[in-house]
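K.L.:
Input: one structure, supplied below.
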Amino acid sequence: MKFTKMHGAGNDYVYVNCFAEKVEDPAELAIKVANRNFGIGSDGLILIMPSVKADVRMRMFNSDGSESEMCGNGIRCVAKYAYDHGIVAKKEITAETGAGVLTLQLFTGSDNRVERVRVNMGKPRLTKAEIPMLGEPAGEQTVNKPLNILHTVFHITTVSMGNPHCVIFVDDVENYQVEKYGPLIENHDIFPRRTNVEFVQIISRTEVRQRTWERGAGETLACGTGASAVCVAGVLNGLTDTRILNHLSGGDLELEWADDGNLYMTGPAVEVFSGEINL
């Protein structure tokens, strides 16, 4: 099987062009290729597929084989691959995801290859029913609400960007015990489909630092939907402006919760190498 390794701000996936390749069991394949010792090594697997609704379709699988609705860093790389490899020939494209059809603007360099992508991530979903999250009333938002785990109280803000996120603001994110608390929050009973967890330090009203515990993958260097959720959570808590620069472990993302209600994310997309794997 031919594949391409790509990353967005260090959030790396194995990409398969399903216009040319056939994948029988993507969940099993994700586990195999993501293994950093016995496979290619990645945070998961992303399939680039034909779509009847959009220019391309993305399916994304975590390193544990579970499928997620969306991946903000992954969708930028899908757009880059589609343009650079001739699947599309325009610089504004649409992509079908499990979170709906998204619109992406492509920015090319001097070699006419895509370097950055701006994604309309859509309107954030904020009610418990939309996250999804247990508890009544289902139409209520969760902003700075306490969650008790291991005799520790976390003040959580929940946002769905097509996939669930739990945002927690901390004083010192670099030394925070992400590996300890991330999986406990991810798998808490209050989240029936589990959740991604963002630990965030406020630098200023326009700048934050984020570490992410991703559902099904563990701590990753970046999470685009998570960075989008952080932008929303910062505004809801009165901590940040509607436009921020987010420093993630693998690089920076620009976020804007615009007047039209949509969240816009801009960031890099990088092709690392292509090859073949014997399955």
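We did not get these values from a lab; they are worked out from the coordinates using the rules stated. This structure is a prediction, so every number in the text was calculated from the model and none was measured. Cβ placement follows ideal geometry from the backbone for every residue including glycine, while neighbour counts extend to all protein chains displayed.
K.L.:
Give me the percent relative contact order of region 29-120, please, defined on Cα pairs under 8 angstrom at least 6 residues apart.
P.N.:
Here the relative contact order equals 21 percent.
K.L.:
Which of 32/53; 2/80; 5/80; 22/91 have a Cα-Cα distance over 22 Å?
P.N.:
Cα-Cα > 22 Å for 32/53; 22/91; rest within.
K.L.:
Run lengths n ≥ 4 of DSSP H only: what is the helix-derived mean residue ellipticity at 222 nm for the chain, with -39500 (n - 2.57) per run over all residues, to the nearest 500?
P.N.:
Helices in the chain give a 222 nm mean residue ellipticity of -5000 deg cm²/dmol.
K.L.:
Moving on. What ³J(HN,Hα) values, in whole Hz, does the Karplus curve 6.51 cos²θ - 1.76 cosθ + 1.60 give for region 166-180 when θ = phi - 60°, with x put for Gly and Pro?
P.N.:
Each residue's phi maps through the Karplus curve to give 10, 9, 10, 8, 10, 7, 9, 6, 4, 9, 6, 7, 4, 5, 7 Hz.
K.L.:
Considering amide H positions built from the backbone, and no H for Pro or chain starts, which residues 5 or more places from residue 65, or on another chain, come under 5 Å of its amide H?
P.N.:
Residues meeting the criterion, in which the H sits 1.01 Å from N, are 31.
K.L.:
Also, quick follow-up: Can you work out ³J(HN,Hα) from phi for every residue in region 200-211, in order, using Karplus 6.51 cos²θ - 1.76 cosθ + 1.60 and θ = phi - 60°, giving whole Hz and x for Gly and Pro?
P.N.:
Karplus values, whole Hz, x for Gly and Pro: 10, 10, 7, 9, 7, 5, 10, 8, 9, 10, 10, 10.
K.L.:
Now for a different question. Using amide H atoms built in the peptide plane, which far-off residues or other-chain residues are under 5 Å from residue 99 H to H?
P.N.:
Correct list: empty.
K.L.:
Over all distinct Cα pairs, what is the inverse of the mean 1/r for the chain, reported as the Kirkwood hydrodynamic radius in Å?
P.N.:
When all Cα pairs of the chain are included, the Kirkwood radius is 18.7 Å.
K.L.:
Under the rule of at least 5 residues apart or a separate chain, name every residue whose amide H is placed under 5 Å from the amide H of residue 203.
P.N.:
208, 209
K.L.:
May I pose another question? Only Lys, Arg, Asp and Glu count, each charged at its Cβ (+1, +1, -1, -1), so figure out the dipole size of the chain about its Cα centre, rounded to 20 debye.
P.N.:
360
K.L.:
Within the chain, what percent of beta bridges assigned by DSSP are antiparallel, to the nearest 5?
P.N.:
The antiparallel fraction comes to roughly 85 percent.
K.L.:
List, in order, the whole-Hz ³J(HN,Hα) value for each residue of region 256-270 obtained from phi through the Karplus relation with A = 6.51, B = -1.76, C = 1.60 and θ = phi - 60°; use x for Gly and Pro.
P.N.:
Residue by residue, region 256-270 yields 9, 8, 7, 5, 7, x, 8, 9, 10, 10, 10, x, x, 9, 10 Hz.
K.L.:
So how tilted is helix 72-84 from the main axis of the chain? Cα-based, degrees 0 to 90, rounded to 10.
P.N.:
Tilt of helix 72-84: around 20 degrees.
K.L.:
Normalising by the residue count of region 177-279, find the relative contact order in percent from Cα pairs under 8 Å and 6+ residues apart.
P.N.:
Answer for region 177-279 is 19 percent.
K.L.:
Still on this structure, please answer the following. In bins 5 Å wide, starting from 0, what share of all Cα pairs of region 143-279 does each bin hold, as a percent?
P.N.:
2, 10, 21, 24, 18, 12, 6, 3, 2, 1, 0
K.L.:
Tell me, 165, 7, 247, 151 in order of fewest to most beta-carbon neighbours within 10 Å?
P.N.:
151, 247, 7, 165
K.L.:
While we're on this one: Restricting to region 145-260, compute how many DSSP beta bridges are antiparallel as a %, nearest 5.
P.N.:
75
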